[in-house]
Amino acid sequence: MKILHWVALILSLTVLSACAPIYKTEYTYQPPRSDIGKMCASQCTQTKNNCQQMCQMRNQSCETSAQQNATIQYLEYKEARTAAGKPIKKTAMDFDQSYACNESCDCTDVYNQCYQTCGGVITPFQVCTAFCKQ
């Protein structure tokens, strides 16, 4: 049975040491042919910027709400502990769940959909970003 454990350990270490390359999708953009399409495509940048601003506002609002909730929960905890004659061992930070508010604000898909709707052509391609074989 010990041999089986050693084999599993060695196999696990081998798999972990052979890190596979990590790729990122990038795009080439061919603009629309018509002037109206080009004007439309230029507005896609504004659409992407609006998407990012709205996302950042949602994240900020979420964080503010989470911090307010943490304060309320901490005060309730502190009051209950004090009433029970128990020591206060936690801080407001222990109740803060704002870490869950980090929505990704990558609006590339929004931009790409807009760009294609305007008549532009998008060609995705893969770029190795880590553990690349030279």
Next item on the list: Can you confirm whether region 69-82 contains a residue that is exposed (fewer than 11 other Cβ atoms within 10 Å of the Cβ), touching a helix residue (DSSP H, G or I) at 6+ places or on another chain (Cβ under 8 Å) and without any contact (Cβ under 8 Å) to a residue 24 or more places away in the chain?
Entry: no
Check: Does E103 count as among the acidic types (D, E), under 28 Å from the mean Cα position of the chain (by Cα) and surrounded by 12 or more Cβ atoms within 10 Å (Cβ to Cβ)?
Finding: no
Check: Considering Y77, Y29, which residue is at pLDDT 95 or above, assigned to a strand (DSSP E or B) and out of contact with any Pro (no Cβ under 9 Å at 6 or more places or on another chain)?
Finding: Y29
Checklist line | Tally, over region 118-134, of residues that are at pLDDT below 95 and in a loop (DSSP other than H, G, I, E, B) | finding: 4
Item checked: C62 being closer than 30 Å to P21 by Cα, outside any strand (DSSP E or B) and among the hydrophobic types (A, V, I, L, M, F, W, C) -> no
Item checked: Single match in Y115, Y99 (criterion: in contact with a strand residue (DSSP E or B) (Cβ under 9 Å, 6 or more places away or on another chain) and either assigned to a helix (DSSP H, G or I) or more than 21 Å from T28 (Cβ to Cβ) (or both)) -> Y115
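Residue-wise test of (1) surrounded by fewer than 11 Cβ atoms within 10 Å (Cβ to Cβ); (2) of a type in the set (V, I, T).
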position	(1), (2)
R58	no, no
T64	no, yes
Y99	yes, no
D109	yes, no
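The values are calculated or read from the model by the stated rules, or taken from the named source; none is laboratory data. Computed from a prediction, not measured in an experiment: that's the story for all the values here. Cβ coordinates were reconstructed from backbone atoms using ideal geometry, including for glycine residues, and neighbour counts include every protein chain displayed.
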